[in-house]
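Novice: After the structure tokens below, expect a handful of questions from me.
The values are calculated or read from the model by the stated rules, or taken from the named source; none is laboratory data. Everything numeric in this text was worked out from a predicted model, so none of it was measured. No Cβ is skipped: glycine too gets one built from the backbone with ideal geometry, and neighbour counts run over all protein chains shown. Heavy atoms of the whole protein, side chains included, go into the accessibility calculation; ligands, DNA and RNA do not. Shrake-Rupley method; radii C 1.70, N 1.55, O 1.52, S 1.80 Å.
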Amino acid sequence: MRSDLAGRTILVTGAARGIGAQLARQATARGARVALVGLEPDLLRRLAADLDAHWYECDVTDQAAVDAAVASTVDRFGGIDVVVANAGIANLGTVALGRVDALVRTVEVNLCGAIRTVSAALPHVTAARGHVLIVSSAAAFTAMPGMAAYCASKAGVEQFANVLRLETRRHGVTVGTAHPIWIDTDLVRDIRADLASFRATLRRLPRPLSTVVPVDRCAAALLRGVERRSRKVYVPRSLAVVQALRSLVLSGPVDALVTRLGGRTLVDQMEDEVRGLGRSFGRSSVEERP
């Protein structure tokens with residue numbers, strides 16, 4: 001696969017909003033042909049019209065729907081050079097308080113959705129000797145109360161990509177993971193609006209763990225990673241140091257510091273706030289819609 005994007009076909013999941021939508025805009029501006037995959041048909045349709053892109057409504061936890069999205073993309077463009085497995089959600093609340101189906105749904109979308117997407121598209125990416133970019137998170141190597149399923153799923157995404165890289169290298173396919181910190185998307189804005197405990201924690205965390213990155217900057221970093229066929233993409237780049245020090249980040253003293261960031265314990269405050277919300281996902285999430 002050429003290192004430039006012009007004429008390349010990129011399939012992006014979670015493309016209706018946030019990182020996926022912004023990445024699609026930037027990729028199209030650089031000459032790529034883009035397939036938008038997601039759950040919000042009105043948003044996908046409008047974005048596709050703006051970009052002259054292909055779109056397909058798809059729940060990434062439904063293998064038949066994922067297979068159909070991939071087949072539709074191949075019918076439109078003749079193949080797939082790059083897959084960006086970006087679809088992701090984050091439930092609200094602790095394990096003790098949260099609904100088990102919300103915890104499981106987070107893992108199903110973030111981890112199983114990436115597995116389903118990559119597996120369906122891999123024969124086409126292999127034929128193109130292309131690139132797979134799976135969006136993990138800084139949550140893969142950090143821990144924060146209220147994010148058990150999210151952290152577990154993103155750590156799983158990273159390990160899935162690590163093994164996939166070894167398996168596909170002989171075919172000329174490269175595999176990368178992206179590790180963004182907080183990105184200014186609807187998902188993060190919803191959490192900040194819903195939880196005062198989260199806002200307080202963010203103010204107290206050291207950089208880069210407290211950084212909120214504009215979505216266009218994140219999308220640009222991911223596209224650079226695709227062009228360079230990068231193994232790791234950190235947003236911001238200083239997160240590479242945090243991952244290198246993950247044994248310290250996940251140590252007992254840091255655990256104690258994180259859970260005492262508030263006047264009361266962070267967990268108590270968060271659980272009270274989530275009880276008051278009466279829902280398991282942010283307002284913008286399709287998981288909260290009938």
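Novice: Of the options Val37, Ala200, Ser238, report the single residue whose Cα projects farthest towards the positive end of the charge dipole of the chain (beta-carbon charges: Lys, Arg +1; Asp, Glu -1).
Specialist: Of the candidates, Ser238 comes out farthest on the positive side.
Novice: Still on this structure, I have one more. Along the charge dipole of segment 75-194, which of Thr94, Ser137, Val173 sits closest to the positive end, that is, farthest toward it, with unit charges on the beta carbon of Lys, Arg, Asp and Glu (+1, +1, -1, -1)?
Specialist: Final value for the positive-end residue is Val173.
Novice: Please work out how much length the chain gains when fully extended from Arg30 to Ser247, using 0.36 nm per residue of separation minus the C-alpha to C-alpha distance, in nm with one decimal.
Specialist: 74.2 nm
Novice: Considering only protein heavy atoms and a probe of 1.4 Å, how much of the accessible area of the chain is carbon and sulfur, as a whole percent?
Specialist: 54
Novice: Which cross-chain or sequence-distant (5 or more) residues have an amide H under 5 Å from the amide H of Gly176, H modelled 1.01 Å from N in plane?
Specialist: Val132, Leu133, Ile134
Novice: Quick one: which residues, 5 or more positions from Val235 or on another chain, have an amide H under 5 Å from its amide H? H modelled 1.01 Å from N in the peptide plane, none for Pro or chain starts.
Specialist: His179, Ile181
Novice: Note down the relative contact order for the chain as a percent, whole number, built from C-alpha pairs under 8 angstrom at least six residues apart.
Specialist: Result for the chain is 19 percent.
Novice: Now for a different question. Once the dipole of segment 147-288 is set up with Lys and Arg at +1 and Asp and Glu at -1 on Cβ about the Cα centre, which of Val157, Ala220, Gly278 lies farthest towards its positive end?
Specialist: The one lying farthest along the dipole's positive direction is Ala220.
Novice: Just how large is the dipole of segment 47-96 about the Cα centre, in debye to the nearest 20, putting +1 at every Lys and Arg Cβ and -1 at every Asp and Glu Cβ?
Specialist: Roughly 140 debye for segment 47-96.
Novice: Measure off 7 Å from each Cα along the Cα-to-Cβ vector at Ala127 and Leu43, then give the distance between these two points in nanometres to one decimal.
Specialist: 3.1
Novice: For mean projected area of the Cα convex hull in nm², the choices are (i) 14.1; (ii) 16.4; (iii) 27.0; which was calculated from the structure?
Specialist: This structure yields the entry labelled (i).
Novice: Let me ask something additional. For segment 107-195, give the magnitude of the charge dipole about the Cα centre (Cβ charges: +1 Lys/Arg, -1 Asp/Glu; no others), in debye to the nearest 20.
Specialist: With Lys and Arg at +1 and Asp and Glu at -1, about 440 debye.
Novice: State in Å² the accessible area per residue of the chain; use a 1.4 Å probe, count heavy atoms of protein chains only, and round to the nearest integer.
Specialist: 43
Novice: Order these peptides, 65-74, 106-115, 265-274, by their mean beta-carbon neighbour count within 10 angstrom, highest first.
Specialist: 106-115, 65-74, 265-274
Novice: So for Ile19, Ile10, what's the accessible-area order with a 1.4 Å probe, most first?
Specialist: In descending accessible area the options line up as Ile19, Ile10.
Novice: Dipole of the chain, Cα-centred, from +1 at each Lys and Arg C-beta and -1 at each Asp and Glu C-beta, to the nearest 20 debye?
Specialist: Using Cβ point charges on Lys, Arg, Asp and Glu, the chain gives about 1120 debye.
Novice: Restricting to DSSP H runs of at least four residues, report the calculated mean residue ellipticity at 222 nm for the chain, -39500 (n - 2.57) per run over all residues, nearest 500 deg cm²/dmol.
Specialist: -15000 deg cm²/dmol
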